[in-house]
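Working notes, beginning with the structure itself.
The values are calculated or read from the model by the stated rules, or taken from the named source; none is laboratory data. Just so we're clear, the structure is a prediction, and the values are computed from it rather than from any experiment. A quick note on method: Cβ atoms are made from the backbone with ideal geometry, for glycine too, and the neighbour counts reach across all protein chains shown. Accessible surface is based on the protein model in full, side chains and every heavy atom, while ligands, DNA and RNA are left aside. Shrake-Rupley method; radii C 1.70, N 1.55, O 1.52, S 1.80 Å.
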Amino acid sequence: MKPSKLVRHLQTKHPASKDKALEFFERKKREHEGQKQLLKATTSTNVSALRASFLVANHIAKAKKPFTIGEELILPAAKDICQELLGEAAVKKVAQVDESTDVDNKAMMLVYVRYIFQEDVHEDMLCALLLPANTTGAELFKSLDDYISGNLNWSFCVGICTDGAAAMTGRLSGLTTRVKEVASECDSTHCVIHREMLASRKMSPELNSVLQDVIKVINHIKAHALNTRLFEQLCEEMDAEHKRLLLHTEVRWLSKEKESPLAAHFSSKEWVTKLAYLCDIFNFLNELNLSLQGRMTTAFKLADKVAAFKAKLEVWGLRVRTGIFDMFQTLAGILEETEPEPSFSQLVLDHLSQLSEEFERYFPTTKDPRTRKEWIRNPFVNKPGESTLSVLEEDQLLEIANDGSLKKFDSSCSMYNQIQFHVLPPTNHHWFLCSCNHNLMMSYHDL
């Protein structure tokens, strides 16, 4: 903590702040202390409530009851007893047992920021904001505006990405609408992962019926510890790859060991075939969902993933029309011995068509973020009049696109980093804000 070393650290590690006034560092210190107190308050646990929660869980386990009974029966009953005998104060204390929110039952908004520092893009958590009352668009914006106004400038906000909640996207009073009022250059988009989930949830009543049956089977096993152990033991004896329900392992277990009426489903060839298809299509959807997640992704990469899946849906539909199911591995294994019924082929075809329509609805081709912007990734594919740049900027881009000495970098991933600062307009301090379920991603681009 020697002054000379502190000065050297400030000058070498934080050159942008070396000439700041003392009040700047004092304000930063107060903000840091405030965030520490907030983090401590939201992560601290009431020891008595935690101990009581474990005691209740112990009783539930001894009685061999499903864990959900704690929230569905025990906790509500305990609240009623306390309300009648001890009053409202006791009810509030009991409510801390088995709570899924923080101990103060407060809603929080986590804010992340993406920014460019020293010609490199960074993505970090900016702040954690408590929402004192409701989670309406007005409350969300007020909490966010109070923080932004003291640290950044709304006029430099160039984008906001949210989920589809009304508080976020409301046309009159949603968060995005309010942000656009103070940031004229701000553009809004709908979270890609949220849209993917919405697009994949629809299915026909026939397939949904099979899915509900599977949920009942899983609950039948998971609701009892003994059932779970017996099923796991069976999977081990059969040398199964997974210790969970697989197509043919549950028949023996459900029918011979537990005499469950659910076992009748697995004797039906039609039901098992539909289940196999659901396993395969859900696996593809899960893979797509995971590919859309992760840090430091871009709109171009996400659009590529979604476009590829939309193309697959079209191709799969054409294959199913000709009786080819090889892309669905689990289903193909079941259909090795018998040909699928025409009604089943039509069922799969209808579901693929429905998925295709839903993905086009949530990811319309007319609003593809890559349209007229491919020059950002590859300036050599630009054609005059296709970009949205100004006349001067397009002329500069054309010079790069037709420079033969640069075309040797055409396939180089580092080329974009070398070119982007030449073709982008000379603006300053732009940042981008993204939100999903009250968790905001704000990106700050110092271009």
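Brief remarks follow.
- Of the residues making up the stretch 178-235, those that are crowded, with 16+ Cβ neighbours inside 10 Å and hydroxyl-bearing (Ser, Thr, Tyr) are Ser188, Thr189, Ser200.
- Residue satisfying condition, being touching a residue at least 12 places away in the same chain (Cβ under 8 Å), in a helix (DSSP H, G or I) and farther than 21 Å from Leu131 by Cβ, within set Glu196, Glu185: Glu196
- Inside the stretch 132-162, residues that are surrounded by 14 or more Cβ atoms within 10 Å (Cβ to Cβ) and touching a residue at least 40 places away in the same chain (Cβ under 8 Å) make up a count of 13.
- Some residue of the stretch 287-304 being more than 27 Å from Arg114 (Cα to Cα) and touching a residue at least 12 places away in the same chain (Cβ under 8 Å): no
- Flag if Asp145 is of a type outside the set (A, V, I, L, M, F, W, C), outside any strand (DSSP E or B) and either closer than 30 Å to Arg27 by Cα or touching a Lys or Arg at 6+ places or on another chain (Cβ under 9 Å) (or both): yes
- Hey, Ser53 open to solvent by 50 Å² or more (accessible area, probe 1.4 Å), under 30 Å from His224 (Cα atoms) and either modelled with pLDDT of 75 or more or out of contact with any Gly (no Cβ under 9 Å at 6 or more places or on another chain) (or both) or not: no
- Summed over the stretch 1-20, residues that are of a type in the set (A, V, I, L, M) and within 19 Å of Gln118 (Cβ to Cβ) total 2.
- Looking across the stretch 157-176, the residues that are more than 21 Å from Ala299 (Cβ to Cβ) and part of a helix (DSSP H, G or I) come down to Ala166, Ala167.
- Selection from the stretch 203-253 of residues that are in contact with a helix residue (DSSP H, G or I) (Cβ under 7 Å, 6 or more places away or on another chain), assigned to a loop (DSSP other than H, G, I, E, B) and at pLDDT 70 or above: Met203, Ser204
- Filter result (of a type in the set (Val, Ile, Thr) and either crowded, with 16+ Cβ neighbours inside 10 Å or under 16 Å from Tyr277 (Cα atoms) (or both)) within the stretch 317-370: Val320, Ile324, Thr330, Ile334, Thr338, Val348
- Residue count for the stretch 264-304, restricted to those that are of a type in the set (S, T, N, Q), open to solvent by 50 Å² or more (accessible area, probe 1.4 Å), farther than 30 Å from Trp375 by Cα and at pLDDT below 90: 1
- Listed by first and then second residue, the pairs linking a residue in the stretch 80-91 that is surrounded by 12 or more Cβ atoms within 10 Å (Cβ to Cβ) to a residue that is β-branched (Val, Ile, Thr), with Cβ atoms under 8 Å apart and 6 or more places separating them unless they lie on different chains, are Cys82/Val91; Cys82/Val94; Gln83/Val91.
- Pro340 satisfies every condition listed in (1) touching a Gly at 6+ places or on another chain (Cβ under 8 Å); (2) without any contact (Cβ under 8 Å) to a residue 60 or more places away in the chain except (2).
- Scope the stretch 329-377; condition among the acidic types (Asp, Glu) and in a helix (DSSP H, G or I); matching residues: Asp350, Glu357, Glu358, Glu360, Glu374
- Close contacts from the stretch 50-72, counting a first residue that is among the β-branched types (Val, Ile, Thr) and a second that is at pLDDT 80 or above, with Cβ to Cβ under 9 Å and a gap of 6+ residues or different chains, come to Val56/Ile74; Val56/Leu75; Val56/Ala78; Ile60/Ile74; Ile69/Ile60.
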